[in-house]
Amino acid sequence: VSKIFSAGLDITEMSGKSNEHYAAFWRAVQEMWLKLYGSNMVTIAAINGSSPAGGCLMALCCDYRIMADNPKFAIGLNETQLGIVAPFWFKDTMINTIGNRATELSLQLGQMYPAPEALKFGLVDKLVPEDKVQSAAAAAMSQWLSVPDHARQLTKSMMRKPAIDRLVKQREADINNFVSFISKDSIQKSLQIYMDRLKQKK
Ligand SMILES: CCC/C=C/C(=O)SCCNC(=O)CCNC(=O)[C@H](O)C(C)(C)COP(=O)([O-])OP(=O)([O-])OC[C@H]1O[C@@H](n2cnc3c(N)ncnc32)[C@H](O)[C@@H]1OP(=O)([O-])[O-]
């Protein structure tokens, strides 16, 4: 979709559904993170549009982020703006990228950063003109692949394993927590209001 890298998790999957549905959905989101954050391959995000919440998480899972230099595109974990809470492993992924204080600011405010600010915060590593995002990502990939792979993989795993182990240990509890949170009437209402606002914006 033009102008969107990823709109994040599908909000319609989190509203008006059964607890079984929410549990299966959340397990799939966990799986995506475990696979992408834990991948031993080199992953470069070519961010060619806005990237809220789950979209930001996907970008943060990568080893390096290149974003289109367009202030209309914004990236961030904006969960609080929807009345929901980014789980601890979203938080850990952001801390591992931009540090504790910047993460606390970002998460509490549900801040979306336009591309130039995202670069300042270290949320992305490089800005390039919109038509150069793919080629810049390919160039970055070549650089990353020139490092001896075994050493790079072990280093990546050393950096990320503690966060991954934390979720693996608490997977079921995290699913239960998500289901009981998302199925609350007050949270369902917040999500509905947010979706209505998105539609009104058009
Ligand atoms: C604990 C849980 C953690 C949660 C993590 C998450 O990721 S939470 C998710 C956090 N995500 C957000 O907060 C993203 C909110 N979205 C946005 O900020 C903007 O849509 C945009 C910047 C992605 C694209 O702007 P744009 O002007 O190019 O496009 P547009 O605005 O006109 O939308 C087109 C259509 O798509 C619809 N739709 C959009 N997103 C979603 C979605 N996630 N889901 C479902 N539907 C969505 C929108 O309603 C509209 O539907 P319609 O009326 O055609 O039936």
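Given (1) in contact with a strand residue (DSSP E or B) (Cβ under 6 Å, 6 or more places away or on another chain); (2) within 13 Å of the ligand (Cβ to nearest atom); (3) modelled with pLDDT of 95 or more; (4) open to solvent by 30 Å² or more (accessible area, probe 1.4 Å), where does K3 come up short, assuming only one miss?
Evaluating K3 over (1) in contact with a strand residue (DSSP E or B) (Cβ under 6 Å, 6 or more places away or on another chain); (2) within 13 Å of the ligand (Cβ to nearest atom); (3) modelled with pLDDT of 95 or more; (4) open to solvent by 30 Å² or more (accessible area, probe 1.4 Å) leaves (3) as the failure.
Would you call V168 among the hydrophobic types (A, V, I, L, M, F, W, C), loosely packed, with under 15 Cβ neighbours inside 10 Å and under 30 Å from K17 (Cβ atoms)?
On the way: among the hydrophobic types (A, V, I, L, M, F, W, C): yes; loosely packed, with under 15 Cβ neighbours inside 10 Å: yes; under 30 Å from K17 (Cβ atoms): yes.
In short, yes.
Starting from segment 60-77, take each residue that is more than 12 Å from Y37 (Cα to Cα) and list its partners that are in a strand (DSSP E or B) and basic (K, R), counting only C-beta distances under 6 angstrom and pairs at least six apart or across chains.
That search, which allows pairs on different chains as well, returns I66/K126.
Would you please list the contacts, defined by Cβ atoms under 6 Å and residues six or more apart or on different chains, that run from a residue in segment 174-202 that is closer than 20 Å to K91 by Cα to a residue that is away from the ligand (no atom under 11 Å from the Cβ) and open to solvent by less than 70 Å² (accessible area, probe 1.4 Å)?
Close Cβ pairs (under 6 Å, with a partner that is away from the ligand (no atom under 11 Å from the Cβ) and open to solvent by less than 70 Å² (accessible area, probe 1.4 Å)) amount to I175/A23; V179/A23.
Exactly one of these conditions fails for M41: (1) more than 17 Å from S183 (Cβ to Cβ); (2) within 11 Å of the ligand (Cβ to nearest atom). Give me its number.
(2)
The rows are residues; the columns are (1) among the charged types (D, E, K, R); (2) under 16 Å from L34 (Cα atoms).
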| position | (1), (2) |
| --- | --- |
| M141 | no, no |
| W144 | no, no |
| A151 | no, no |
| R160 | yes, yes |
| A163 | no, yes |
| Q170 | no, yes |
| D174 | yes, yes |
| S183 | no, no |
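Do we have any residue at all in segment 52-64 that's open to solvent by 20 Å² or more (accessible area, probe 1.4 Å), under 23 Å from S183 (Cα atoms) and part of a strand (DSSP E or B)?
The answer is yes, given that some residue of segment 52-64 is open to solvent by 20 Å² or more (accessible area, probe 1.4 Å), under 23 Å from S183 (Cα atoms) and part of a strand (DSSP E or B).
Kindly check whether there is at least one residue in segment 26-36 that is more than 14 Å from the ligand (Cβ to nearest atom) and charged (D, E, K, R).
Scanning segment 26-36, I find at least one residue that is more than 14 Å from the ligand (Cβ to nearest atom) and charged (D, E, K, R), so the answer is yes.
Is it true that K72 is over 24 Å from R171 (Cα atoms) and either within 14 Å of the chain's Cα centre (by Cα) or part of a loop (DSSP other than H, G, I, E, B) (or both)?
yes
With respect to V124, is the statement that it is within 13 Å of the ligand (Cβ to nearest atom) and either within 15 Å of S51 (Cβ to Cβ) or out of contact with any Cys (no Cβ under 9 Å at 6 or more places or on another chain) (or both) true?
So V124 does not fit the description; no.
Within segment 128-165, restricting attention to residues that are within 23 Å of the chain's Cα centre (by Cα) and of a type in the set (V, I, T), which residue is surrounded by the fewest Cβ atoms within 10 Å (Cβ to Cβ)?
Going through the qualifying residues, I end up with T155.
The values are calculated or read from the model by the stated rules, or taken from the named source; none is laboratory data. Remember, it's a predicted structure, so these values are computed and weren't measured experimentally. Neighbour counts are summed over all protein chains in view; Cβ atoms, including those assigned to glycine, are modelled from backbone coordinates with ideal geometry. In case anyone asks, the SASA skips ligands and DNA or RNA and just uses the protein heavy atoms, side chains included. Shrake-Rupley method; radii C 1.70, N 1.55, O 1.52, S 1.80 Å.
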